[in-house]
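The values are calculated or read from the model by the stated rules, or taken from the named source; none is laboratory data. None of the values given here were measured: they were computed from a predicted structure. Don't worry about glycine lacking a Cβ; one is built from the backbone with ideal geometry, like all the others, and counts go over all protein chains shown.
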Amino acid sequence: METGLRDKAVLVTGASRGIGNAIARAFTAEGARVAATYHSHREPAEEAGELAVQLDLTRPETVADVVAAVIEQLGGLDVLVVNASRQPAVFHDHLEDQPAEELEEQVRFTLESTFKLVSAALPSLRKAGTGRIVFMSSGVAEEGFPRFWEYATVKAGLAGLVRTLAWDAGRDGVLVNAISTGLTLTDATLSRLDEAALEGIARQLPQQRISRPEDVARLAVFLGSAANTSVTGEVIRDGTSNARTSLVVMNTDDLREQ
C-alpha cells in the first residue's frame, strides 16, 4: 500500500503509551515527520516521533498555542490524530450517582479541548489540500458499557463531530474519520486482566483474538494517508469493538469458567 506519507507533517495526541504511541510509531515508520504529544511521560513520546510536545488537555485554553508551535516546527500540518482520552477515575453504578463535576471534567478534556485542537489545526489541513483527521472513539459510545456514563457520552459526541466536520472540511480535500476501539492489549489492559480473562474475552470475538495497538495503528495510517481517497465521515469499528465483549469484560470471573 502506497501511503504517500514520506515527509508529511503529522500530529498525534496522547502518544506516550498504548494506542497513541503505536500510531505515532507507525506514521514514523512510513517516513512521516511526527509530533507526538504527552502529558507527563516524555521519553516514550520522544522515541515515537521527531518531536515530543507536552500537551495538557485539562487546560483547553493552551491547546491553540501548542498546535501553532507544532505547525511552525514542522512547517505545516497534513494529518491530525486525536487520540488522547481520559478513562473514568471512579465508576458509579447508577447515573444519579455521577457527580456533575466528573461530567464537566470529561467534557472539558475530551470535547472542549478537541474542538480547540481541531480548530487550530484546520487552516493548515485545509491549506494542504489533502489533509486527514483521525479521531479515536470507543465501542462504549455505540453499544453501551455499564458505569461508563460520562465517557460514553463524550465519545458519542465525537462521532457527531466527525460526521458534521466531514461535510465542511471535505470541500477542501480534508477527510475526517474515527476508529471505534474495544478492549485492546495495551499495558494498562494487561495489568488489570489476567491470561484466563483475556482468553475468555477472545472467545467472544469472531477472530478469536483481541486487537493489539499495532492493529489499530495500521488502520489509523490508512485513514490518515493518501491511500484513503474517499472514506470520510465514518466511525469504523475495530474487531474488538462489539457489544458482547463490552458486557463480558465486566464479569471476568465468569470468563475464567468458560
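Taking segment 1-51 as the range and being basic (Lys, Arg) and within 17 Å of the chain's Cα centre (by Cα) as the test, the residues that pass are ARG17, ARG25. Listed conditions (1) modelled with pLDDT under 95; (2) of a type outside the set (A, V, I, L, M, F, W, C); (3) more than 23 Å from GLY170 (Cα to Cα) are all met by ASN83, apart from (3).
So how many residues does segment 154-208 have that are part of a helix (DSSP H, G or I) and over 26 Å from VAL82 (Cβ atoms)?
The total comes to 8.
Working only within segment 146-175, note down all residues that are over 15 Å from THR110 (Cβ atoms) and either of a type in the set (Phe, Trp, Tyr) or touching a strand residue (DSSP E or B) at 6+ places or on another chain (Cβ under 7 Å) (or both). Listed by number, the residues that qualify are LEU165, ALA166, TRP167, ALA169, VAL174, LEU175.
So, THR240, is that one at pLDDT below 70, part of a helix (DSSP H, G or I), among the β-branched types (Val, Ile, Thr) and crowded, with 18+ Cβ neighbours inside 10 Å or not? Working first, answer last.
Numbers: at pLDDT below 70: yes; part of a helix (DSSP H, G or I): no; among the β-branched types (Val, Ile, Thr): yes; crowded, with 18+ Cβ neighbours inside 10 Å: yes.
Taking the combined requirement at face value, the residue does not satisfy it.
ASN228 meets the conditions (1) modelled with pLDDT under 80; (2) touching a helix residue (DSSP H, G or I) at 6+ places or on another chain (Cβ under 9 Å) in every case but one. The failed one is (1). For segment 86-98, the criterion of a residue being of a type in the set (A, V, I, L, M, F, W, C) and under 16 Å from GLY157 (Cβ atoms) is satisfied by no position.
Selection over segment 120-163 of residues that are closer than 21 Å to PHE222 by Cβ and basic (Lys, Arg) gives a count of 2.
With the structure loaded, tell me whether LYS127 is charged (D, E, K, R), in a helix (DSSP H, G or I), at pLDDT 80 or above and over 18 Å from the mean Cα position of the chain (by Cα) or whether it fails that test. Taking the combined requirement at face value, the residue satisfies it.
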